[in-house]
1. Quick one: which helices (runs of 4 or more DSSP H) lie wholly within the stretch 50-155 and hold at least 2 residues that are under 19 Å from residue 234 (Cβ atoms) and among the aliphatic types (A, V, I, L, M)?
2. Any chance the stretch 186-209 includes a residue that's at pLDDT 70 or above, touching a strand residue (DSSP E or B) at 6+ places or on another chain (Cβ under 7 Å) and over 20 Å from residue 96 (Cβ atoms)?
3. In the stretch 144-181, which residues are modelled with pLDDT of 85 or more, within 26 Å of residue 37 (Cα to Cα) and charged (D, E, K, R)?
4. In this structure, is residue 131 modelled with pLDDT of 95 or more, assigned by TED's automatic domain parsing to the domain that holds residue 238 and in contact with a Pro (Cβ under 6 Å, 6 or more places away or on another chain)?
Amino acid sequence: MCSPTLPPYVMLWHVDAHAIFEDPNSLKQVPCPHIHDPAEKYLSLVIPAFNEEYRLPGALDETINYLKHRAAKDKSFTYEVVIVDDGSSDATKQVAFDFVKKYTVDNVRVILLGRNQGKGEAIRKGMLHSRGELLLMLDADGATKVTDLEKLENQIHAVARKEFCLGESAASDSSFRISDIPLAAFGSRAHLEEKALATRKWYRNFLMKGFHLVVLLTAGSGIRDTQCGFKMFTRAAARKLFTNIRLKRQV
């Protein structure tokens with residue numbers, strides 16, 4: 001199962017039936033979580049990466065600095081960053097492993113898909129092996145500021161209190177677990193649409209408007225931007241969604 005071409009501190013070998021995490025500092029195996037297991041962290045950040053050796057370091061530095069700063073202010077805030085290398089042909093996995101060694105296997109983990117399977121599959125695998133009550137997918141290019149996750153997080157908690165009749169004190173109640181409520185919040189770039197329309201070719205705008213019409217007819221008017229790579233799910237929502245995805249890109 002182990003490939004001799006991989007570095008000696010590979011964190012995870014992954015096939016559909018088996019997954020093993022390894023601590024690159026102690027070389028001891030770490031139990032690999034699954035989405036059906038109880039949450040062990042408050043927040044998981046899943047980052048799919050394909051040939052991102054140059055953009056990934058800056059995005060990870062910004063992300064981890066934010067997470068460390070927030071954890072220092074709130075001891076109950078626990079987190080992990082799960083990097084999914086989608087069969088990169090550059091040094092993406094080496095960059096990711098360096099962050100694991102620096103911040104420990106408890107805070108940063110790497111999943112190797114072995115061969116390129118597409119962004120959707122990379123996100124699915126990351127979600128299936130995350131430990132958070134809340135799970136956020138975000139792109140490796142740092143296009144969205146990591147601090148914006150608080151907007152999605154606050155919206156999920158607000159809807160949980162309102163729609164599920166949870167009082168204001170529920171969030172501080174030790175028996176309250178946001179992970180048990182199936183909710184999702186999507187980031188949106190709809191406010192940038194006017195600027196984008198002015199710079200795109202006419203045929204791209206035509207295709208975009210056609211796609212928006214399909215989304216409107218199938219998903220309703222509540223979602224204005226389905227393609228933004230910045231989405232947050234509760235553990236219950238991720239369990240329902242990502243365990244039921246069956247289609248994979250053919251390669």
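1. 119-128
2. yes
3. Scanning the stretch 144-181 gives 150, 153, 161, 177, 180.
4. Taking the combined requirement at face value, the residue satisfies it.
The values are calculated or read from the model by the stated rules, or taken from the named source; none is laboratory data. It should be emphasised that the depicted structure is a prediction, and the values quoted were computed from it without experimental measurement. Every residue, glycine as well, gets a Cβ built from its backbone with ideal geometry; the counts of neighbours run over all protein chains shown.
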